[in-house]
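A.B. asks: I'd like to ask you about the structure that follows.
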Amino acid sequence: MTRHFLALHDFSETELYGMLTLARELKEKQKQGLPHKLLDGKTVALIFEKASTRTRVSFEVGVFQLGGHGLFLSSGNSQMGRGEPIRDTARVMARYCDGVMIRTFGQEIVDEFARYSDVPVINGLTDLFHPCQIMADLMTVIERKRTCEGLTFAWIGDGNNMANTWIEAAAIFGFELRLACPQGYEPDAKVLAWALAQAPGRITLTTDPKVALAGADVINTDVWASMGQENEQKEREKAFAGYCLDDALLALAKPDCIVLHCLPAHRGEEISDSVIEGKHSVVWDEAENRLHIQKAIMATLMGGV
């Protein structure tokens, strides 16, 4: 049976830890210059309906380092952009390629693509979930803290795809998660309900960033207006007043806390320049780890690891 990576809940804690372990092994091999051609001779279609820097570069480089070939496709240079049904594209891509990564808007797009694909499909980002990013974040936390068990995670900002995926991660891995979101900008209700049923008492939703940050080990934030929400920028700036992760808010967390941001960052908006450039920031390690965890995900799904 073909396995797809569409959301964290598609996999068990043990399976996800296996990918995290493999990612650390591949990172070490790369640093030592050791070959790890786990996708030797294989081709991965990389489909982008949303603009990208880190996702595109990390996947293309990752496929290359694994010995495969990444084929870039955008909605502007493929028939998907001209209205070809998703199921038609999925069935054809599966006959050409060994795997597919999609970065798009609705979760239903990757779900349908996977339903009609005979090769693994990876969710590079949707409006609902961002599983590759959260796996990179968890890898970074484990590198710095050795484990994510027993830690308190704080999410400050919009209840977006990142927040939704952190909620899934908290339910699967069992750590405490506090989310501070303005009223009207809460995470997806169905995702939250599922997670609360899995891990009662471990996930807290508040409108006060100070409550979320108090004694936190790991802090994460994101832009207030994601792609496709640019017309809401001014409205969101008013709603998110007081949610900027600055030095004053950071002081509420533990002295050895770490700060994550998936990038791109709007400095002075959701995070201050002093915090993202400060001693608690692990943002650049986090960005690098996108490469390593995505190699592990592709190798697991397509390389028979």
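A.B. asks: Between the helical axis of 131-145 and the dominant principal axis of the chain, each derived from Cα atoms, what acute angle in degrees is found, rounded to the nearest 10?
C.D. replies: The helix 131-145 is inclined about 60 degrees to the chain.
A.B. asks: Show which lysines lie in cross-link reach of K210 when reach means a straight Cα distance below 25 angstrom and same-chain residues fewer than eight apart are skipped.
C.D. replies: K145, K234, K238, K254, K279
A.B. asks: Can you give the helix-only mean residue ellipticity at 222 nm for the chain, where every DSSP H stretch with n ≥ 4 adds -39500 (n - 2.57) and the sum goes over all residues, rounded to the nearest 500 deg cm²/dmol?
C.D. replies: -13000 deg cm²/dmol
A.B. asks: Let me ask you something else. Post the alpha-carbon centroid distance, the range 263-290 to the range 1-51, in whole angstrom.
C.D. replies: First find each Cα centre; the distance between them is then 24 Å.
A.B. asks: For K42, list the lysines whose Cα falls under 19 Å from its own Cα; do not include residues on the same chain fewer than 8 positions away.
C.D. replies: Partners found: K295.
A.B. asks: Something else now. Can you sort L128, L252, L260 so the residue with the fewest Cβ neighbours within 10 Å comes first?
C.D. replies: L252, L128, L260
A.B. asks: Turning to a different aspect of this structure: What angle do you read, to the nearest 10 degrees and between 0 and 90, between the alpha-carbon axis of helix 161-173 and the longest principal axis of the chain?
C.D. replies: 90
A.B. asks: Now a separate question. Averaging sequence separations of C-alpha pairs under 8 Å and six or more residues apart, then dividing by the length of the range 1-158, give the relative contact order as a whole percent.
C.D. replies: 24
A.B. asks: What does the extension gain come out to for Q198 and E186, with contour length at 0.36 nm per residue minus their alpha carbon separation?
C.D. replies: 2.4 nm
A.B. asks: Sticking with this structure for a sec: Put +1 on the Cβ of each Lys and Arg and -1 on the Cβ of each Asp and Glu in the chain; which of F129, T104, T21 then has its Cα farthest toward the positive end of the dipole?
C.D. replies: The residue sitting farthest along the positive end of the dipole is T21.
A.B. asks: Pop out the ³J(HN,Hα) list for the range 18-28 in order, Karplus 6.51 cos²θ - 1.76 cosθ + 1.60 with θ = phi - 60°, rounded to Hz; leave Gly and Pro as x.
C.D. replies: These are the phi-based 3J(HN,Hα) values: x, 5, 5, 5, 4, 4, 5, 5, 5, 5, 5 Hz.
A.B. asks: If you line up the long axis of helix 86-96 against the longest principal axis of the chain, both from Cα atoms, how many degrees apart are they, to the nearest 10?
C.D. replies: Rounded to the nearest ten degrees, it is 60.
A.B. asks: When only Cα pairs under 8 Å and 6 or more residues apart are kept, what is the percent relative contact order across the chain?
C.D. replies: 20
A.B. asks: Roughly speaking, what is the centre-to-centre gap between the range 67-103 and the range 193-251 when only Cα atoms are used, to the nearest Å?
C.D. replies: 34
A.B. asks: Still on this structure, I have one more. With θ taken as phi - 60° and the coefficients 6.51, -1.76 and 1.60, list the Karplus ³J(HN,Hα) couplings across the range 240-251 in order, rounded to whole Hz; mark glycine and proline as x.
C.D. replies: 9, 4, x, 9, 6, 6, 10, 5, 5, 5, 4, 5
FYI, it's all coordinate maths here, none of it is from the lab. All figures in this text were calculated on a predicted structure; none of them were measured in a lab. Methodologically, a virtual Cβ is constructed for each residue, glycine included, from the backbone with ideal geometry; neighbour enumeration extends over all protein chains shown.
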